[in-house]
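One structure is given here, and the rest of the page talks about it.
The values are calculated or read from the model by the stated rules, or taken from the named source; none is laboratory data. Treat the numbers as computed from the prediction; the structure is a model and nothing was measured. A quick note on method: Cβ atoms are made from the backbone with ideal geometry, for glycine too, and the neighbour counts reach across all protein chains shown.
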Amino acid sequence: MVEVIDSQIFSINKNAKVSEKYIGKSNNKLVIVDNFFLFPNQVRDYALSCKYVKEGEHSNPGYIHRTGVNLFHFLDFTRWIKETYYQDYRVNYSAPIFSFQAYDTIGRVLPHIDEVNYAGLCCLNTDEEVLGNITGTSFYQYKTGEEYSQQYSYRNNILYNSDQKDWNKYHTEYHQYNRFIFYESCLFHSAYWDESKWDSETPRLTFNTFTW
Ligand SMILES: [Fe+2]
């Protein structure tokens, strides 16, 4: 017997509030979508019911469940954001990744870039769990002033050879339940989580998009 779910639980709220924010010296744009999922509680329940794996080939500190459910629905949405807010009209069909991520510990994370053009994530922890700005996404300047790099380039060598002291955190976008944050993944960034203040048994839980 298989457990069947209604794929409509992943519907995006068509009336979600979208806003833009500029951060850092380079005026890097974040697009923030409040009330992203129409049925966030069902999405959270689904994410908590999934099986997760530890992927060894990258430095993600948590566990990942990759999902193909409603792939084009999410891809249409991220394409709309990149065209509308970033004036980027390139096709984005190439190998998108939609996943849930769960962290039960974070360890030491250095800033990184993702090898796609855009990253997005929606917090699936409740208001109560995230209270006190204890989880988010942080953005960094390298010691020479750069706030972003270029994917698939020698320019990324600084990432492999750097140390925490080489980085200045200039912004943390704190997470809120059912808020989707979208950014250029060439921005130096990392997950932020003050694990010591986390009271909940629930892991740090997000829905993540990696798209072109
Ligand atoms: Fe990332």
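Of note:
- Region 17-46 - residue that is of a type in the set (A, V, I, L, M, F, W, C) and surrounded by fewer than 17 Cβ atoms within 10 Å (Cβ to Cβ) and, of those, farthest from R204 (Cα to Cα): V18
- Qualifying residue in region 85-100 (condition: in contact with an Asp or Glu (Cβ under 7 Å, 6 or more places away or on another chain) and either under 30 Å from F37 (Cα atoms) or surrounded by fewer than 16 Cβ atoms within 10 Å (Cβ to Cβ) (or both)): yes
- Close pairs (7 angstrom Cβ cut-off, 6 or more residues apart or separate chains): more than 17 Å from F139 (Cβ to Cβ) and more than 10 Å from the ligand (Cβ to nearest atom) in region 177-200, modelled with pLDDT of 95 or more and assigned to a loop (DSSP other than H, G, I, E, B) anywhere: Y177/N125; Y177/T126; N178/N35; N178/F36; K197/G132; K197/I134; W198/I134
- Test: residue in region 106-129 that is more than 14 Å from the ligand (Cβ to nearest atom), surrounded by 19 or more Cβ atoms within 10 Å (Cβ to Cβ), aliphatic (A, V, I, L, M) and at pLDDT 95 or above: yes
- Answer residue from region 130-143, given it is more than 30 Å from E201 (Cβ to Cβ) and surrounded by 20 or more Cβ atoms within 10 Å (Cβ to Cβ) and is farthest from the ligand (Cβ to nearest atom) among those: Q141
- Every pair of residues 6+ apart whose Cβ atoms lie under 7 Å, when the first sits in region 1-22 and is of a type outside the set (A, V, I, L, M, F, W, C) while the second is surrounded by 10 or more Cβ atoms within 10 Å (Cβ to Cβ) and assigned to a loop (DSSP other than H, G, I, E, B): S7/V69; S7/N70; S11/L38; S11/F39; N13/N35; N13/F36; N13/L38; K17/N35
- Qualifying residue in region 81-97 (condition: within 15 Å of the ligand (Cβ to nearest atom), within 20 Å of Y177 (Cα to Cα) and in contact with a Leu (Cβ under 9 Å, 6 or more places away or on another chain)): no
- Residues that are out of contact with any Pro (no Cβ under 9 Å at 6 or more places or on another chain) and among the hydroxyl-bearing types (S, T, Y), drawn from region 63-92: T67, T84, Y85, Y86, Y89
- E146 vs. criteria charged (D, E, K, R), part of a loop (DSSP other than H, G, I, E, B) and either surrounded by fewer than 19 Cβ atoms within 10 Å (Cβ to Cβ) or at pLDDT below 95 (or both): yes
- Test: residue in region 188-199 that is part of a loop (DSSP other than H, G, I, E, B) and at pLDDT below 95: yes
- Close pairs from region 102-115: first over 11 Å from Q151 (Cβ atoms) and β-branched (V, I, T), partner more than 10 Å from the ligand (Cβ to nearest atom) and part of a strand (DSSP E or B), Cβ under 8 Å, at least 6 apart: I106/W193; I106/R204
- Filtered residues of region 159-176 (kept if part of a helix (DSSP H, G or I) and either within 11 Å of the chain's Cα centre (by Cα) or more than 16 Å from the ligand (Cβ to nearest atom) (or both)): N161, Q164, K165, D166
- Boolean, N13 is under 26 Å from K169 (Cα atoms) and not hydroxyl-bearing (S, T, Y): no
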